[in-house]
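Contents: one structure, followed by commentary.
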Amino acid sequence: MAKTMESLDFSKWFEGEQAARIKPLRLLSRLYREHMKEIGLSAFFYAIKASPVWILPLVTANIINIVTYPDQYGMRDFWINLVVILLVIMQNILTHTLHVSYISKAVRHVEAGLRSTLVRKLQKLSLGFHGDISAGKLQSKVLRDVEAIDFLSRQILMNIIPAIINLIIIIGLTLYHSWIVALFFIFLAPMSILLVRFFRTKMATRNRDVRKNIENMSGRVSETMEMIPVTRAHGLEDEEIRKVDHALQHIRERGHRLDVLEAYFGSSSWVAFQIFQVACLFFTAYLSYLGYMKVGDIVMYQGFFGMIVGSVSSIINVYPNLVKGFESLHSITEVLHSEKTEEYQGKLKPEQLKGEYRFEHVGFRYPDSDRHVLEDFNLSVKAGEKIAFVGESGSGKSTILNLIIGFYKPQTGRVFIDGLPMEDWSMKRYRQSLAIVLQNNILFSGTIRENITYGLPHITEERLQQAIWMANLQDVIDALPEGLESTVGEHGGRLSGGQRQRIAIARALVRDPKVIILDEATSALDNASEKHVQQAMEQLMEGRTTFIVAHRLSTVRNADRIVVMKRGRVIEMGSYEELLAQKGEFYKLKNM
């Protein structure tokens, strides 16, 4: 199983500066490099299954010639042609199935691999990247764009490659019978190339425009769904509808322009090819009139040329879809080529995290902002110490927690963990020693059990029940018909805010972490639940390094030290009683 999952990772084809410059068609061929055997077998079986199409004009010409010139042919030739065409037609059932089967195996693997690679990359990209691009746009890339690439692959493997095989065989057969007619057929290629070159740039530009508008629309719809409670609460349904309609209007206008261009392209190619086919009819009829070929050969060459026109037309007609697919390939490379990866790339994996922290002259500001959220921040934390951060909104409290988790890296200064620079630590191993409870916790749409034991499939039932009791969650579970196996809905929508918070706290408690991070962890709880959970949290925090952010100052009374923040700087530090005795900023906050 592990081997199969590993084979879905296509990251190697999208890494490095050189990969970023590879053209879409070459990049697509790289993705299918491991499936050349399947593609080759598919082409082989296509050549066999399509043989009736090529042989039928030959048989038709033979029958016409047999009937037209009975003195040159006998009835034996008549029956041989009948048997041959029937046998050739019958084999299509098996060979067509094999042709499609091998294509499907390759295409399905690449489709799954691209989605897997995108998800892997999104897990590695920094929070800054996710802050710049909405979830709706990323969802559009993973679903819509990969689907378009899948369609592109099928168009190439099931239309273009077969069309090329048809062209090669038909021109070969024509050349075998008459080099003059074959030369006439070959003149079709330059005209096709000129048509594609004329429309290529406009199609690429308009497809990109439509794709970006659809991504924006996906982002708008995602945001609208999340905002429905706020929209309804303020009676702003019409305002949201207006915004969505405005985005849809952009898509409608640009989509219409693209459709008209594609129609113009299709009709131009159809007219050109029909003129060529008429020219072929009169050209071969004239050769027959001059005695260079038999009457039946006119029908054969007309059939051949019809197939050539059909093959070239199929390539021309799928070209708009190819442009859309290449644009979608370009779209996903915006994610896969992004270098905004995890801030820390360390490899150090110590056996155990002690929980000692040191901040030295740390300065931090968010991208696209000139204001420093933290400035010359210094703090030393002993292992097992409970540190609380208080202060007005925007003073840098939550930013410190983000630095501790490793979501962001300071622009100036350094953070040390157990005496080692944070840059040296493997973030994956380090974060496995953390338990984090935020003000707005995210639950996924599984059961309560799955949300609590997330990432811990082998947790014991005893430890799970202990965490449930400590988080004061038992009454919630008892009230649900399926207990622990009850589903919570998308983002925990079937539960109240307090219930979601208690599940998040249970998820932290069950992990037996070395470092605990609490950001307004009990803000959504009622007084009775908060008291019970606070007692449980006190047990959990015993002997573990804990960082607490809280606006309710009563919740930080038992902290070893309280750090008072203002405009990104430490202005006071001490125990609860010490800070009250100083009658400084903390004293003012307490009275407020």
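Using the charge dipole of the chain (Lys, Arg: +1 at Cβ; Asp, Glu: -1 at Cβ; taken about the Cα centre), state which of TYR46, TYR73, LEU480 has its Cα farthest towards the positive end.
So the residue we want is TYR73.
Going by accessible area, probe 1.4 Å, with all protein chains left in place, what is the ranking of TYR454, TYR344, largest first?
Correct descending sequence by accessible area is TYR454, TYR344.
Stretched out fully, how many nm does the piece from LYS202 to GLN91 gain, at 0.36 nm a residue minus the Cα gap?
That pair, LYS202 and GLN91, stretches by 35.6 nm at full extension.
Dipole of the stretch 389-494 (Lys/Arg Cβ +1, Asp/Glu Cβ -1, origin at the Cα centre): which of ILE468, SER445, TYR430 lies farthest to the positive side?
It is TYR430, whose Cα lies furthest towards the positive end.
Starting from the Cα of ASP77, step 7 Å toward the Cβ, then list every residue of the stretch 265-298 with an amide N under 13 Å from that point.
Within reach of a label on ASP77: 294-297.
Working with all protein chains in place, sort THR68, THR224 by solvent-accessible area computed with a 1.4 Å probe, largest first.
THR68, THR224
Give me the number: length gained by fully extending GLU482 to LYS531, i.e. 0.36 nm times residue separation minus the C-alpha to C-alpha distance, one decimal in nm.
14.9 nm
Could you work out the helix-only [θ] at 222 nm for the chain, with each DSSP H run of four or more residues adding -39,500 (n - 2.57) and the total divided by the number of residues, to the nearest 500 deg cm²/dmol?
Helices in the chain give a 222 nm mean residue ellipticity of -20000 deg cm²/dmol.
Hey, if you put +1 on the Cβ of every Lys and Arg and -1 on every Asp and Glu Cβ in the stretch 245-348, which of ALA279, THR341, GLY296 ends up farthest toward the positive end of that dipole?
The listed residue farthest towards the positive side: GLY296.
Under 13 Å from the Cα of LYS583, which aspartates and glutamates turn up, not counting those fewer than eight places away in the same chain?
LYS583 reaches GLU572.
How much length is gained if the chain between LEU248 and GLU461 is pulled fully straight, taking 0.36 nm per residue apart and subtracting their Cα-Cα distance, in nm to one decimal?
Additional length available on full extension: 71.6 nm.
Of all accessible surface on the chain at a 1.4 Å probe, what whole percent is carbon and sulfur?
On the chain, the fraction of accessible area on carbon and sulfur atoms equals 57 percent.
So, with +1 on the Cβ of K and R and -1 on the Cβ of D and E, and no other charges, what is the size of the charge dipole of the stretch 365-430 about its Cα centre, to the nearest 20 debye?
Result for the stretch 365-430 is approximately 240 debye, rounded to the nearest 20.
What's the center-to-center distance, using Cα atoms, between the stretch 405-443 and the stretch 456-526 in Å?
Cα centroid of the stretch 405-443 versus Cα centroid of the stretch 456-526: 23 Å apart.
Quick check on my link table: of LYS23/LYS347; LYS514/LYS588; LYS37/LYS340; LYS212/LYS340, which ones sit more than 28 Å apart, alpha carbon to alpha carbon?
Flagged as over cut-off: LYS23/LYS347; LYS514/LYS588; LYS37/LYS340.
Cα extents of the stretch 29-112 along the three principal axes, largest first, in whole Å?
62, 21, 15
Given the Cα atoms of the chain, and with Rh set as the inverse mean 1/r over their pairs in the Kirkwood sense, what is Rg to Rh to two decimals?
1.16
In degrees between 0 and 90, to the nearest 10, how far off the longest principal axis of the chain does helix 75-90 point, with axes built from Cα atoms?
0
Over the chain, what is the relative contact order in percent, taking alpha-carbon pairs closer than 8 angstrom and at least six residues apart?
In percent, rounded to a whole number, it is 14.
Please calculate the 1.4 Å probe accessible area of MET158, with all protein chains present, and give it to the nearest 10 Å².
Rounded to the nearest 10, that gives 70 Å².
Angle, helix 92-124 long axis vs. longest principal axis of the chain, Cα atoms, 0 to 90°, nearest 10?
For 92-124 against the chain, the angle is about 30 degrees.
Could you tell me the accessible area of TYR286 in Å² (1.4 Å probe, neighbours in place), rounded to the nearest ten?
Answer for TYR286: close to 130 Å² accessible.
Karplus couplings for the stretch 384-390 from phi (6.51 cos²θ - 1.76 cosθ + 1.60, θ = phi - 60°), rounded to Hz, Gly and Pro as x?
My calculation for the stretch 384-390 gives x, 7, 9, 10, 10, 10, 10 Hz in order.
Please give me the summed charge of the neighbours of LYS349: other residues whose Cβ is under 9 Å from its Cβ, Lys and Arg +1, Asp and Glu -1.
+2
With every protein chain left in place, what is the accessible area of TRP469 in Å² (1.4 Å probe, nearest 10)?
Only protein atoms counted, so the area is about 150 Å².
Distance from a point 7 Å along Cα→Cβ of TYR366 to each backbone N in the stretch 493-520: keep the residues under 18 Å and list them by number.
519-520
Got a sec? What order do ARG115, ARG76, ARG552 fall in by accessible area at 1.4 Å, biggest, i.e. largest, first?
Accessible-area ranking of ARG115, ARG76, ARG552, largest first: ARG76, ARG552, ARG115.
Dipole of the chain, Cα-centred, from +1 at each Lys and Arg C-beta and -1 at each Asp and Glu C-beta, to the nearest 20 debye?
For this selection, approximately 1140 debye.
To the nearest 10 degrees, how steep is helix 161-177 against the longest Cα principal axis of the chain, on a 0 to 90 scale?
Helix 161-177 sits at roughly 20 degrees to that axis.
The values are calculated or read from the model by the stated rules, or taken from the named source; none is laboratory data. These numbers come from a predicted model, not from an experiment. Glycine gets a Cβ as well: all are built from the backbone with ideal geometry, and neighbour counts include every protein chain shown. The area values use the complete protein model at the heavy-atom level, side chains included, leaving out ligands, DNA and RNA. Shrake-Rupley method; radii C 1.70, N 1.55, O 1.52, S 1.80 Å.
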